[in-house]
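A.B. asks: Shown below is the structure under consideration.
The values are calculated or read from the model by the stated rules, or taken from the named source; none is laboratory data. No experiment lies behind these values; they were computed from the predicted model shown. Counting neighbours? That spans all protein chains shown, and the Cβs are built from the backbone with ideal geometry, glycine included. For accessibility, only protein heavy atoms count, side chains too; no ligands or nucleic acids. Shrake-Rupley method; radii C 1.70, N 1.55, O 1.52, S 1.80 Å.
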Amino acid sequence: MLTRKIEILVGLFLLSGLAAFLILVFNVANVEVKTGDSSYTLHAKFSNIGGLKVRSPVKVGGVVVGRVSAIRLDPERLEPIVTLSMDKQYKYFPDTSSLSILTSGLLGEQFLGLSPGFMDDDVEMLVDGDSIDDTHSALVLEELIGQFLYSVGSKG
Amino acid sequence: MTQNPNSLVEIHNMAFSRGSHVIYENISLSIPKGKVTAIMGPSGIGKTTLLKLIAGQLTPDQGKVLFDGTDVHQCSRSQLFALRKRMSMLFQSGALFTDINVFDNVAFALREHSGLPEDIIRHIVLMKLEAVGLRGAAKLMPSELSGGMQRRAALARAIALEPEIILYDEPFAGQDPISMGVLVKLIRELSDTLNLTSVVVSHDVEEVLGIADYVYVLADKRIIAHGTPEELRAADNPQLKQFIGGEPDGPVPFHYPAADYKKELLSGLD
Amino acid sequence: MGLINQIAKLGRGAIDLVVGLGQAGMMLWGAIAHRPRFRKGTPLLIRQLYVIGVQSMVIILVSGLFIGMVLALQGYNILVGFGTEESLGPMVALSLLRELGPVVSALLFAGRAGSALTAELGLMKSTEQLSSLEMMAIDPLRQIIAPRFWAGVISLPLLALMFTAIGIYGGHIVGVEWKGIDSGAFWSILQSSVEWRQDIVNCIIKSSLFAVVVTWIALYRGYHVVPNPEGISRATTQTVVQSSLAVLTLDFLLTAMMFGS
């Protein structure tokens with residue numbers, strides 16, 4: 001039959017499991033509890049996305065404000081279209097903002113850098129479903145080297 | 001179903017085999033109500049199998065087993081479980097639950113099925129343990145009991161739900177003379193005082209002939225003899241005489257069937 | 001003739017496999033397809049949570065700590081060569097969450113709890129305790145198999161989470177306390193690269209599936225054991241071997257589904 005000791009130990013076991021879960025969720029994954037629909041969607045068109053991936057972060061001055069939620073190719077113009085899932089608490093970006101594909105460090109992961117544009121009376125804020133037109137594509141190392149060699153060659 | 005009103009269990013033309021090994025060819029027997037019926041036979045003949053067939057744990061290839069008019073093997077699972085509440089089996093090893101003490105073992109089926117409050121269950125359990133002389137051992141674990149006491153505790157558990165029939169699987173095997181005597185006395189007493197039907201499967205000839213009202217002898221996949229103990233002792237069937245007298249050689253040969261001894265020794269390696 | 005025999009052997013193997021799968025499925029169905037009985041079932045479940053979960057905790061926590069520390073030490077030695085030792089955090093956390101946590105804890109669980117379950121059931125069968133339950137009109141699937149199954153399915157994911165959490169702290173001990181990586185950098189890079197849906201939910205899904213597979217194999221092997229000492233020892237070995245192989249195979253399939261595309 002069950003003794004009190006067993007009941008207590010099983011209780012502690014379940015609590016440790018829950019504690020491990022909470023540590024992983026809040027301390028490791030750093031999930032913030034949000035209520036309701038916590039994101040809005042933006043689109044951006046690039047000519048080259050380089051090594052950008054789904055779930056790559058979108059940063060403003062180093063602060064993560066959203067993530068890439070989908071990457072697909074425009075079937076007519078054959079250009080990549082990136083869908084961003086932005087955090088609702090950061091929603092004051094004017095539609096003059098620009099997006100660039102940047103690399104963290106020399107060999108690091110690629111991410112999207114969002115530079116907020118100027119504010120004016122006739123500038124609207126970005127809302128769900130909007131597109132960002134001002135985009136800078138990824139720097140591709142091979143192309144850079146090619147350009148460099150070309151310019152060195154044309155000077156000489 | 002036609003059933004003799006005096007018998008609780010009837011087996012009609014039953015055949016059973018495990019794989020290609022035939023255990024019973026065609027046996028029929030009936031077990032009378034309120035009596036001690038013994039089923040004897042040499043070891044390895046499938047006597048335990050017979051009990052499991054009666055209890056519906058195994059299904060025969062042919063024939064049927066009637067328990068109080070119900071075909072055990074045509075029942076649904078819930079009907080079978082309802083039948084089993086009226087039966088009980090004393091296993092050869094006792095089969096006590098090793099992780100709970102003797103008291104909880106005896107109380108197990110009561111707690112599961114009776115729905116009685118705990119203080120009444122306690123009274124019943126103590127009464128059953130008193131009947132087998134183990135009230136003092138209620139708080140012991142099964143591993144702390146001797147083999148004979150384990151079997152008595154298992155008997156107390158078997159009678160806890162007051163069944164109509166108890167199937168005893170080799171109750172005397174491996175017991176010292178004293179525990180053997182205690183068990184013989186208990187089986188007889190339970191049968192007489194509670195009007196229980198008992199089926200004893202055993203190869204201990206003297207003990208069985210001492211307590212049984214009626215005896216079936218199994219050998220060669222069938223029943224070779226049946227009758228009261230007196231009738232069996234008086235019978236002149238040589239196979240039966242060999243078994244009851246315990247003679248090493250006879251119609252049941254000492255040797256396992258083999259090729260000719262001399263030839264095999266002389267043949268050398270192939 | 002040799003060829004025919006080989007074909008016959010293959011066929012027999014296939015038939016045995018199908019029969020075995022069928023039996024295992026019937027057993028599991030018989031055990032879990034009931035209305036739960038809270039009053040009688042809960043004490044049985046708690047007892048099994050104790051045997052299966054609590055008693056596996058020590059081995060899981062100790063192994064998790066050491067695996068986290070070893071991972072951090074080896075990872076540090078490689079990453080420091082590229083000057084990116086700050087990435088130690090995500091390396092340790094992601095390897096533990098995505099693979100090592102669920103897989104190693106399932107393997108340890110198979111060795112610790114799975115083999116014990118098989119041996120226990122095998123002994124219950126060989127001492128006729130299972131038959132004796134049936135004779136008392138108590139369904140052993142419901143009384144014996146079901147609480148053990150649920151206890152296994154509840155315990156292993158919790159153990160895997162504990163393993164992972166303590167492993168990450170093991171990595172922290174080696175990386176931050178010993179090798180002197182900045183604590184803030186360690187945690188912030190770790191936190192920005194671990195994602196709730198992709199990593200933690202998948203970790204739980206993986207270990208839940210491993211729990212079902214390992215517990216199921218252990219219970220099946222024990223319930224259908226040949227009731228003698230040789231049979232029990234064989235069944236115990238089979239439990240460990242088969243559940244380890246099943247875990248590793250399933251892990252590949254799950255990883256391919258979760259992270260492959």
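A.B. asks: Out of A:ARG55, A:ARG77, which single residue is at pLDDT 80 or above and either within 29 Å of A:GLY117 (Cβ to Cβ) or open to solvent by less than 50 Å² (accessible area, probe 1.4 Å) (or both)?
C.D. replies: A:ARG77
A.B. asks: Right, here's the next one. For segment C:108-119, which residues satisfy the criterion of being over 14 Å from the mean Cα position of the chain (by Cα) and buried (at least 21 other Cβ atoms within 10 Å of the Cβ)?
C.D. replies: Initial filter on segment C:108-119 (over 14 Å from the mean Cα position of the chain (by Cα)): C:118-119.
C:THR118, the sole residue that qualifies.
A.B. asks: For segment B:188-270, which fully contained strands (runs of 3 or more DSSP E) count at least 3 residues that are of a type in the set (D, E, K, R), modelled with pLDDT of 80 or more and out of contact with any strand residue (DSSP E or B) (no Cβ under 7 Å at 6 or more places or on another chain)?
C.D. replies: It comes to none.
Conditions (1) within 14 Å of another protein chain (Cβ to nearest Cβ); (2) of a type in the set (D, E, K, R), marked per residue:
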{"site": "C:GLY2", "(1), (2)": "no, no"}
{"site": "C:ALA14", "(1), (2)": "no, no"}
{"site": "C:HIS34", "(1), (2)": "yes, no"}
{"site": "C:ARG39", "(1), (2)": "yes, yes"}
{"site": "C:GLN55", "(1), (2)": "yes, no"}
{"site": "C:LEU65", "(1), (2)": "yes, no"}
{"site": "C:GLY83", "(1), (2)": "yes, no"}
{"site": "C:SER105", "(1), (2)": "yes, no"}
{"site": "C:ALA116", "(1), (2)": "yes, no"}
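A.B. asks: Run down B:ALA95, B:ALA131 and say which single residue is open to solvent by 40 Å² or more (accessible area, probe 1.4 Å), closer than 28 Å to B:LYS52 by Cα and either under 23 Å from the mean Cα position of the chain (by Cα) or charged (D, E, K, R) (or both).
C.D. replies: The match here is B:ALA131.
A.B. asks: Within segment B:204-220, how many residues turn out to be in contact (Cβ under 8 Å) with a residue 60 or more places away in the chain and surrounded by fewer than 17 Cβ atoms within 10 Å (Cβ to Cβ)?
C.D. replies: So the count comes out to 1.
A.B. asks: Would you mind stating whether B:LEU90 is within 14 Å of another protein chain (Cβ to nearest Cβ), open to solvent by less than 30 Å² (accessible area, probe 1.4 Å) and not small (Gly, Ala, Ser)?
C.D. replies: yes
A.B. asks: Where in segment C:148-261 are there helices (runs of 4 or more DSSP H), lying fully within it, with 1 or more residues that are of a type outside the set (D, E, K, R), under 20 Å from C:LEU117 (Cβ atoms) and open to solvent by 10 Å² or more (accessible area, probe 1.4 Å)?
C.D. replies: Per the criteria, C:202-223, C:229-259.
A.B. asks: What pairs come up if the first residue lies in segment A:87-104 and is hydroxyl-bearing (Ser, Thr, Tyr), the second is part of a loop (DSSP other than H, G, I, E, B), and their beta carbons are under 6 Å apart, counting only those six or more places apart or on different chains?
C.D. replies: The qualifying pairs are A:THR96/A:GLY117; A:THR96/A:PHE118; A:THR96/A:VAL123; A:SER97/A:PRO116; A:SER97/A:GLY117.
A.B. asks: Would you mention how many residues in segment A:58-74 are within 17 Å of A:THR103 (Cα to Cα), open to solvent by 40 Å² or more (accessible area, probe 1.4 Å) and of a type in the set (A, V, I, L, M, F, W, C)?
C.D. replies: Total meeting the criteria: 2.
A.B. asks: Restricting to segment B:225-251, and then to whatever is over 20 Å from B:ASN26 (Cβ atoms) and among the hydrophobic types (A, V, I, L, M, F, W, C), can you tell me which residue is surrounded by the fewest Cβ atoms within 10 Å (Cβ to Cβ)?
C.D. replies: Going through the qualifying residues, I end up with B:ALA234.
A.B. asks: Residue by residue through segment C:82-101, note down the ones that are at pLDDT 90 or above and acidic (Asp, Glu).
C.D. replies: C:GLU99
A.B. asks: Mind checking whether some residue in segment A:123-136 is in contact with a His (Cβ under 7 Å, 6 or more places away or on another chain) and over 29 Å from C:GLU85 (Cβ atoms)?
C.D. replies: Checked segment A:123-136: at least one residue is in contact with a His (Cβ under 7 Å, 6 or more places away or on another chain) and over 29 Å from C:GLU85 (Cβ atoms).
A.B. asks: Provide a single number: the residues in segment C:126-147 that are open to solvent by 10 Å² or more (accessible area, probe 1.4 Å) and not in a helix (DSSP H, G or I).
C.D. replies: The qualifying residues number 4.
A.B. asks: So, one more: A:SER98 passes all but one of (1) closer than 20 Å to A:ALA44 by Cα; (2) at pLDDT 85 or above; (3) exposed (fewer than 14 other Cβ atoms within 10 Å of the Cβ); which number fails?
C.D. replies: Evaluating A:SER98 over (1) closer than 20 Å to A:ALA44 by Cα; (2) at pLDDT 85 or above; (3) exposed (fewer than 14 other Cβ atoms within 10 Å of the Cβ) leaves (3) as the failure.
A.B. asks: Taking the residues in segment A:1-13 that are in a helix (DSSP H, G or I) and either more than 7 Å from every other protein chain (Cβ to nearest Cβ) or farther than 13 Å from C:VAL51 by Cα (or both) as candidates, determine which candidate is least open to solvent (accessible area, probe 1.4 Å).
C.D. replies: A:GLY11
A.B. asks: Within 14 Å of chain C (Cβ to nearest Cβ) and open to solvent by 70 Å² or more (accessible area, probe 1.4 Å): is that true of A:GLU109 in this structure?
C.D. replies: Answer is yes for this residue.
A.B. asks: Something else about it: Just need a number here: residues in segment B:33-66 that are touching a Gly at 6+ places or on another chain (Cβ under 8 Å) and either open to solvent by 40 Å² or more (accessible area, probe 1.4 Å) or part of a strand (DSSP E or B) (or both).
C.D. replies: Result for segment B:33-66: 1.
A.B. asks: Could I ask something else about it? Looking at B:VAL182, B:VAL125, which is the one that is open to solvent by 10 Å² or more (accessible area, probe 1.4 Å) and assigned to a helix (DSSP H, G or I)?
C.D. replies: It is B:VAL182.
A.B. asks: Within segment A:36-63, count every residue that is more than 12 Å from the chain's Cα centre (by Cα) and over 17 Å from A:SER131 (Cβ atoms).
C.D. replies: So the count comes out to 7.
A.B. asks: Kindly check whether there is at least one residue in segment B:190-198 that is more than 13 Å from B:LYS35 (Cα to Cα), surrounded by 18 or more Cβ atoms within 10 Å (Cβ to Cβ) and touching a residue at least 24 places away in the same chain (Cβ under 8 Å).
C.D. replies: Kept after step one, since they are more than 13 Å from B:LYS35 (Cα to Cα), are these residues of segment B:190-198: none.
So far as segment B:190-198 goes, no, none of its residues is more than 13 Å from B:LYS35 (Cα to Cα), surrounded by 18 or more Cβ atoms within 10 Å (Cβ to Cβ) and touching a residue at least 24 places away in the same chain (Cβ under 8 Å).
A.B. asks: Just a yes or no: is a residue in segment C:139-152 basic (Lys, Arg) and closer than 23 Å to C:MET26 by Cβ?
C.D. replies: So far as segment C:139-152 goes, yes, one or more of its residues are basic (Lys, Arg) and closer than 23 Å to C:MET26 by Cβ.
A.B. asks: Does segment C:63-75 contain any residue that is closer than 30 Å to C:THR255 by Cβ, among the small types (Gly, Ala, Ser) and within 18 Å of the chain's Cα centre (by Cα)?
C.D. replies: Yes.
A.B. asks: For the subset of segment A:128-156 comprising residues that are at pLDDT 80 or above and in contact with a Leu (Cβ under 9 Å, 6 or more places away or on another chain), which member is farthest from A:PHE93 (Cα to Cα)?
C.D. replies: If we take residues in segment A:128-156 being at pLDDT 80 or above and in contact with a Leu (Cβ under 9 Å, 6 or more places away or on another chain), then A:HIS136 is farthest from A:PHE93 (Cα to Cα).
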